[in-house]
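One structure is given below, encoded as structure tokens.
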Amino acid sequence: MAQTPPPRRPGSVDETATTADAPPFLSDHSFFGHPRGLATLFVTEMWERFSYYGLRPLLILFMAAALADGGFGFERDQASAIVGIYGACVYLASLPGGWVADRLLGLRRAILYGAALISLGHISIGLSAFVHARLPFFLGLVLIVLGTGLLKPNISAIVGDLYPEGGERRDAGFSVFYMGINTGAFLGQLVTGFLGERVGWHWGFGAAGVGMIIGLIYFATQAKRTLGTLGLEPVKHPDPVTQARQTRTAKGILTAGLSLLAIVVILAASGVVELDAQVIGRYMTGVILAMVIGFFTMVFVAGKLSTDEKKRVAVIFILFVFAAIFWSAFEQAPTSLNLFARDFTNRQMGGFEIPATWFQSVNSAFIIIFAPVFAAMWVWFGKRRIEISSPAKFAVGLALAGIGFLVMYFAANRVVAGQGLLLVAPWWLVASYFFQTIGELSLSPVGLSSMTKLSPRKYVGQMMGIWFTASALGNLVAGLVGGNVDPEKLVQMPTLFSTTAIFLFGSAVVLALLAIPIRKMMVGVR
């Protein structure tokens with residue numbers, strides 16, 4: 001039986017339209033064979049990722065730095081937990097951000113407002129380093145979370161709307177867009193890392209903000225010319241009375257949510273409420289897990305699914321669990337691995353000392369190099385009818401990440417043997433990031449694809465939200481453990497890395513053993 005096509009967004013083109021019938025802003029092929037609108041979205045997203053990844057590794061170094069060095073002098077476990085909470089909130093904000101765009105703003109205004117909020121957030125954080133005050137710092141993080149929630153999901157949605165015909169051309173468009181993400185991440189960490197560590201914290205924070213402002217200006221000046229009518233209006237109900245009621249409800253919910261957030265920020269900043277980042281992180285982890293379990297229970301019990309659909313949803317839950325395990329290791333990059341680069345790595349190259357944050361760009365560089373290789377490899381396997389199931393690819397990704405942390409275990413043991421006085425070669429970190437990146441390429445794109453293939457049609461959007469919730473959980477857990485890299489507590493380091501490696505290897509073995517029964521549950525899905 002044919003499935004009902006998804007509802008179109010206002011201003012988009014019918015899915016049955018051909019390229020020849022499409023309006024000029026869709027039929028144009030001037031950007032490497034793609035519409036010029038993709039160039040606008042590519043550049044905007046590149047600068048947004050420049051700002052996000054440029055800021056992220058500086059956070060823990062700044063917060064943990066002594067007051068005399070211009071930092072806040074936080075304990076490492078608190079600073080690491082704050083970075084984890086921040087990363088988790090960025091992912092979670094995509095859910096209400098998409099809802100606000102659909103109900104109130106439309107995709108285009110959501111992106112514009114999001115970029116403006118991110119820019120203000122970076123300016124606020126840069127000011128905090130300059131005046132050495134905590135209120136603008138945490139206010140800046142909140143603004144960036146809100147802005148990213150508005151920008152990130154909605155700019156990806158417009159990329160999809162550029163290709164009403166779907167098919168391989170849309171996949172190619174997303175591949176180009178993905179390269180923009182990694183180009184921004186790679187450059188951002190080089191620029192802001194050098195300025196933040198060598199010149200001054202506020203210079204690094206400010207550079208990240210300048211990047212987002214460039215992206216904001218570019219989008220504001222190019223969107224009308226290159227995107228036509230795409231994303232101009234929110235989804236509207238055909239009945240004006242119903243639409244007015246829905247708008248009032250949405251505005252009420254948004255106002256209540258922002259008011260509650262403002263109260264929490266004011267109470268915390270004024271010292272009325274003392275917040276412990278480790279405690280908050282643990283509570284958030286429990287709450288998110290409870291919400292995910294509740295969601296899957298609701299889908300199974302009241303979702304009106306067929307037996308085959310329930311089996312596929314069960315597979316999604318299993319993949320979610322193992323994805324969360326993977327991200328809890330992988331997202332230690334801005335915390336534990338970042339601290340290891342600063343404190344225990346020989347970064348001297350001739351007369352130049354490599355900034356610690358530059359090691360964060362290694363992952364992006366490897367993705368740019370190896371993503372096309374992996375894409376070609378999967379096609380090569382497909383042509384030869386060599387089918388590797390999604391759970392098997394997940395298991396490979398977990399095992400490869402485990403090798404990456406096993407490398408760090410040996411590096412940490414060398415540091416401990418030298419009583420913290422020995423600085424290890426930078427190739428230990430580079431090798432670790434190499435295996436983690438190959439693991440990411442084995443798991444992350446496969447996970448995204450699996451969510452779309454396995455999800456019952458009426459739950460596709462929500463299952464995509466669940467996938468990103470796994471990343472949020474990973475950020476939280478990584479932040480909670482990331483502070484265990486400390487010159488004052490050397491013995492914690494090998495334990496952290498060995499525990500992470502063992503957990504990844506164990507998860508890979510369990511998933512490999514489950515691969516065959518899981519594959520049988522993936523009814524009708526290749």
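The values are calculated or read from the model by the stated rules, or taken from the named source; none is laboratory data. The structure presented is a predicted model; accordingly, all values stated were derived computationally and were not measured. So basically every Cβ, Gly included, is an ideal-geometry build from the backbone, and we count neighbours across all protein chains shown. Side chains included, ligands, DNA and RNA excluded: accessible areas come from the protein's heavy atoms. Shrake-Rupley method; radii C 1.70, N 1.55, O 1.52, S 1.80 Å.
A dipole drawn for region 64-215 from +1 and -1 charges on Cβ atoms has a positive end, and of ASN182, LEU67, GLY211 the residue lying farthest that way is GLY211. Of the GluC sites (Glu not before Pro) found in region 290-391, those in coil by DSSP whose Cβ has at most 15 other Cβ atoms within 10 Å are GLU387.
Its alpha carbons give region 60-102 an Rg and a Dmax of 14.8, 47 Å. About its Cα centre, the dipole of region 112-201 is roughly 320 debye, where the only charges are +1 on Lys and Arg Cβ and -1 on Asp and Glu Cβ. Extension gain, ARG347 to ALA66, is 99.1 nm, computed as 0.36 nm per intervening residue step minus the present C-alpha separation. The heavy atoms of TYR113 offer some 100 square angstrom of accessible surface to a 1.4 angstrom probe.
Scan the chain and note any complete DSSP helix (H) whose C-alpha atoms cover at least 15 Å along its axis and whose Kyte-Doolittle average is 1.6 or more.
On the way: long enough: 36-64 (44 Å, 0.64); 76-92 (24 Å, 0.79); 107-131 (36 Å, 1.36); 134-161 (41 Å, 1.37); 167-194 (42 Å, 0.30); 201-227 (38 Å, 0.68); 240-270 (44 Å, 0.94); 277-302 (36 Å, 1.77); 307-330 (34 Å, 1.22); 361-383 (34 Å, 1.46); 390-417 (41 Å, 1.39); 427-454 (39 Å, 0.69); 460-481 (33 Å, 1.34); 492-521 (42 Å, 1.37).
Helices meeting the criterion: 277-302.
Pairs of Cα atoms in the chain fall into 20 Å distance bins, from 0 up to the last occupied one, in shares of 21, 57, 21, 1 percent.
Expressed as a whole percent, the accessible surface of the chain that belongs to carbon and sulfur atoms is 68, based on a 1.4 Å probe. With coordinates expressed along the principal axes, the C-alpha atoms belonging to region 409-497 extend over 57, 24, 14 Å, beginning with the largest. Of the residues GLY439, PHE503, MET522, the one whose Cα sits farthest toward the positive end of the charge dipole of region 427-524, with +1 on the Cβ of Lys and Arg and -1 on the Cβ of Asp and Glu, is MET522. Gyration tensor analysis over the Cα atoms of region 295-413 returns equivalent ellipsoid semi-axes of 38, 21, 12 Å (largest first, whole Å).
Determine the dipole magnitude for region 270-357: charges of +1 sit on the beta-carbon of Lys and Arg, -1 on that of Asp and Glu, nothing else is charged, the reference point is the Cα centre, and the result goes in debye to the nearest 20. Before the final figure, lay out each step's value.
On the way: 7 positive and 7 negative charges, 82 e Å.
Rounded to the nearest 20 debye, it is 400 debye.
The protection proxy used here, the mean number of other Cβ atoms lying within 10 Å of each residue, ranks peptides 415-423, 120-128, 216-224 as follows, highest first: 120-128, 216-224, 415-423.
Could you calculate the contour length gain from PHE317 to ILE388, that is, 0.36 nm times the residue separation minus the distance between their Cα atoms, to one decimal place in nm?
Between PHE317 and ILE388, full extension yields 23.6 nm more.
Select from region 331-437 those trypsin sites (Lys or Arg not before Pro) which occupy a DSSP coil region and have at most 14 other Cβ atoms within 10 Å, ordered by residue number. Walk me through the numbers before you get to the answer.
Values: sites: ARG342, ARG347, LYS383, ARG384, ARG385, LYS393, ARG414; in loops: ARG347, ARG384, ARG385.
Passing both the DSSP loop test and the Cβ count: ARG384, ARG385.
Suppose all protein chains stay in the model; what accessible area per residue would a 1.4 Å probe give for the chain, in Å²?
Working: 23260 Å² over 526 residues.
Per residue, the chain has 44 Å² of solvent-accessible surface.
For the chain, averaging the sequence separation of C-alpha pairs within contact (under 8 Å, six or more residues apart) and dividing by the residue count gives a relative contact order of 22 percent. Length gained on full extension, LYS489 to ARG414: 25.5 nm, using 0.36 nm per residue less the C-alpha separation.
Just by accessible area at a 1.4 angstrom probe, what is the order of TRP358, TRP427, TRP467 from largest to smallest? Please list the in-between numbers first.
Values: TRP358 70, TRP427 175, TRP467 10 Å².
Correct descending sequence by accessible area is TRP427, TRP358, TRP467.
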